[in-house]
Each structure stands twice: as structure tokens, then as C-alpha cells.
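K.L.:
Can you keep this structure in mind? I'll have questions shortly.
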Amino acid sequence: MARYTDANCKLCRRERTKLFLKGTKCYTDKCPIEIRNYPPGQHGLSKRPRISDYSLQLREKQKIRKTYGLLEKQFRNYFELAAKKKGITGENLVKLLESRFDNTLYRLGLAPSRKSARQLINHKHLLVNGKVVNVPSFLLKAGDVVQVRDKSKKLPVFHEAMKRMKDNMIVPWLNLDKANMSGTFLHIPERTEVPFIGNEQQIVELYSK
């Protein structure tokens with residue numbers, strides 16, 4: 001399967017905003033956005049051209065796609081699925097992205113980043129409702145329980161994650177049990193609950209052309 005292998009920090013610099021792709025590094029002064037808040041490459045510091053509506057829509061799509069670590073085809077498939085559901089397409093898209101297994105693991109604090117979450121899931125360190133699930137794109141439903149496997153609970157990555165995670169950091173649609181290294185997906189989040197960095201309506205307009 002294709003995957004992005006270049007430096008993650010270049011993605012943040014291209015969008016001129018933090019996408020929180022590097023875990024704890026994003027919260028320190030070492031974050032490249034704090035040092036070089038301009039696009040990478042020899043023309044990064046050049047005068048920005050006039051921005052068209054299409055360019056704005058494209059950048060919003062790229063920003064959100066990169067935040068969740070998806071390839072173009074994957075992201076387009078989520079949009080098409082969201083469009084088929086009842087309700088507002090943009091909000092449906094956000095709900096689908098937030099319901100992904102890797103994103104839930106990140107939101108629970110069991111992984112420092114979504115990329116790290118995908119790696120942990122691929123290596124079969126996590127259970128969903130007592131069964132091993134090694135598919136990062138698995139969509140969780142209300143009531144699903146995510147848990148670290150017993151034999152994986154000694155891994156430093158999980159202990160460090162639980163030390164970093166504070167009670168006020170947990171999002172409203174999840175419940176975290178730090179002692180058991182588990183979390184419950186309480187409900188599909190409402191759009192207003194999601195600390196989202198993009199404008200999903202721009203994506204709807206882009207794909208509707």
C-alpha cells in the first residue's frame with residue numbers, strides 16, 4: 001500500500017499551520033512552524049500569489065487530509081460515503097474521520113500521533129471489544145471498547161502516553177480508563193464537539209465542481 005515517507009514537518013509548513021503530526025514535538029519550541037513558518041523549498045519565502053477560491057478550497061482539503069494521514073483516494077472515498085448519508089455532507093465527513101480506529105487511539109492519548117497509532121494497530125497491540133483489530137481505518141461504533149493487549153501493556157510508549165494524558169484533555173465522546181489502558185467510544189461526535197482545524201464546507205464545494 002502506498003504511503004507518505006517524506007518529513008511530516010514539511011506538511012505542516014506547506015499548510016502554514018500545525019497539523020500535530022509529530023506528537024510531543026509539536027508542543028515544543030523545536031516545532032518547525034515556530035522556526036520557519038513558510039512553505040518548504042527554494043520558493044518558500046517568495047511573495048505569495050493571489051489566492052483563488054479553488055486554491056483556498058484545495059488547501060483546506062489538503063490540510064484536513066494530511067491531518068488524518070490519508071491518501072487522496074482514501075479521502076475521496078470518505079467524502080463519497082459521507083455524501084450518501086443523511087444530513088450535512090461536511091459534518092458526516094468529520095464524523096467518519098473521527099470514528100477511525102487510529103484517530104480514536106490518538107484522541108484517547110494512547111498514541112502520541114495518528115501515525116504512531118497506525119503503527120501500534122498494525123503491530124496488533126490493540127483490541128476492540130476483546131478482539132485484535134489491526135486495521136487503522138476500522139470505524140468504531142457507540143459502545144465499542146478499545147484496549148491495549150495484556151502482553152503489550154509493558155511497552156514504554158503506552159506508559160509515557162498515560163503520564164502525558166490529563167483528564168481535561170479527553171474529548172466528550174470518549175471515556176478513558178488510564179489504569180486499564182482502555183477507552184470507550186461513547187457516541188459518534190457532534191461537529192461542535194470536534195476540535196477541528198479545517199473548514200469542511202470548502203471540501204464539499206471543491207468536490208461538487
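K.L.:
Suppose we filter the range 117-143 for residues that are loosely packed, with under 12 Cβ neighbours inside 10 Å and in contact (Cβ under 8 Å) with a residue 24 or more places away in the chain; how many remain?
P.N.:
Of the residues in the range 117-143, 3 are loosely packed, with under 12 Cβ neighbours inside 10 Å and in contact (Cβ under 8 Å) with a residue 24 or more places away in the chain.
K.L.:
Looking at the range 51-71 only, could you name the residues that are assigned to a loop (DSSP other than H, G, I, E, B), among the hydrophobic types (A, V, I, L, M, F, W, C) and either assigned by TED's automatic domain parsing to the domain that holds Arg114 or under 19 Å from the mean Cα position of the chain (by Cα) (or both)?
P.N.:
Leu70, Leu71
K.L.:
Scanning for something in a loop (DSSP other than H, G, I, E, B), loosely packed, with under 14 Cβ neighbours inside 10 Å and at pLDDT below 90, does the range 80-93 turn up at least one residue?
P.N.:
No.
K.L.:
Only one residue in Val128, Val157, Val133, Val146 is of a type in the set (A, V, I, L, M, F, W, C) and within 30 Å of Tyr207 (Cβ to Cβ), so which one is that?
P.N.:
Val133
The values are calculated or read from the model by the stated rules, or taken from the named source; none is laboratory data. Please read all numbers here as calculations on a predicted model, not as lab measurements. All Cβ positions, even for glycine, are placed from backbone atoms using ideal geometry, and neighbour counts span all protein chains on display.
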